[in-house]
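Heads up: the structure comes next, in structure tokens.
The values are calculated or read from the model by the stated rules, or taken from the named source; none is laboratory data. Here the structure is a predicted model, which means the values were calculated and not measured. FYI the Cβ positions are ideal-geometry reconstructions off the backbone, even for glycines, and counts take in every protein chain you see.
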């Protein structure tokens, strides 16, 4: 149950939210809660949640270990702050910063080799969705994004299916629509790798996840969690999502 804070909150605000969230999710030991603050808040947030069981993710990383790459950050630097995960391939990185599948592949390889677990985001645009290209896009993104990565390197990978048309738009796939895509994704991993990899892969859903739809999303067979945007910025909303009701 992951919350992507995107470009929100300074260090003081981030620490305050992290402290409140740590109290709110106390006792949720049967699920993993992850939060992704901005780079400048990573160390402070990691310290704030250190005794809570909440894990911390970075929102991006570069694939080089060091060098003249102004504005970038390495996986080793992220690990030094206490990060466990790093979000890669998010649609905002793809569309705003023009990151392509090849670059994302390099970033995923570097993250895995450094010991960080990637939260690898995939998803189709509204135009692609309307044209019936959803699975074609997803298959391309997975194939190219994970090119050259052996199955024994995928144990920590989390795959986040985020239909771009449902991010920050108020639109959302129905739980049944999301389940259909997650099932196709798991089948693709079975075909490309093996049944064990497909079975153990955590596939999470992102796209206008709210307290009002979390319970129905989480009863779907192939939805293993969620990646939350706006609703993760509020303690009450995100703790309700993280504490989804099992039925």
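The condition of being in a helix (DSSP H, G or I), in contact with a strand residue (DSSP E or B) (Cβ under 8 Å, 6 or more places away or on another chain) and over 30 Å from residue 216 (Cβ atoms) holds for only one of 181, 104, 185, that being 104.
Taking the listed residues 102, 156, the one that is surrounded by fewer than 20 Cβ atoms within 10 Å (Cβ to Cβ) and under 15 Å from the mean Cα position of the chain (by Cα) is 156, with no other qualifying.
Just give me the residues in segment 31-61 being assigned to a helix (DSSP H, G or I) and in contact (Cβ under 8 Å) with a residue 40 or more places away in the chain, in sequence order.
Across segment 31-61, the qualifying residue is only 42.
Every residue, every condition in (1) out of contact with any strand residue (DSSP E or B) (no Cβ under 9 Å at 6 or more places or on another chain); (2) buried (at least 20 other Cβ atoms within 10 Å of the Cβ); (3) modelled with pLDDT of 95 or more, yes or no:
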| position | (1), (2), (3) |
| --- | --- |
| 204 | no, yes, yes |
| 215 | yes, no, yes |
| 219 | yes, no, yes |
| 223 | no, yes, yes |
| 242 | no, yes, yes |
| 247 | yes, no, no |
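For residue 123, the conditions (1) on the phi > 0 side of the Ramachandran plot; (2) more than 17 Å from the chain's Cα centre (by Cα) are fulfilled apart from (2).
Just wondering, is there one or more residues in segment 204-216 that are assigned to a strand (DSSP E or B), under 30 Å from residue 26 (Cβ atoms) and within 18 Å of the chain's Cα centre (by Cα)? Checking segment 204-216: at least one residue is assigned to a strand (DSSP E or B), under 30 Å from residue 26 (Cβ atoms) and within 18 Å of the chain's Cα centre (by Cα). For segment 225-238, filtering for residues that are surrounded by 18 or more Cβ atoms within 10 Å (Cβ to Cβ) and within 17 Å of the chain's Cα centre (by Cα) leaves 9. Looking only at residues in segment 189-201 that are touching a helix residue (DSSP H, G or I) at 6+ places or on another chain (Cβ under 6 Å) and assigned to a helix (DSSP H, G or I), the one that is surrounded by the fewest Cβ atoms within 10 Å (Cβ to Cβ) is 190. One residue alone among 28, 98 is in a loop (DSSP other than H, G, I, E, B) and in contact with a helix residue (DSSP H, G or I) (Cβ under 7 Å, 6 or more places away or on another chain), and that residue is 28. Of the residues making up segment 142-175, those that are closer than 20 Å to residue 188 by Cα and without any contact (Cβ under 8 Å) to a residue 24 or more places away in the chain number 2.
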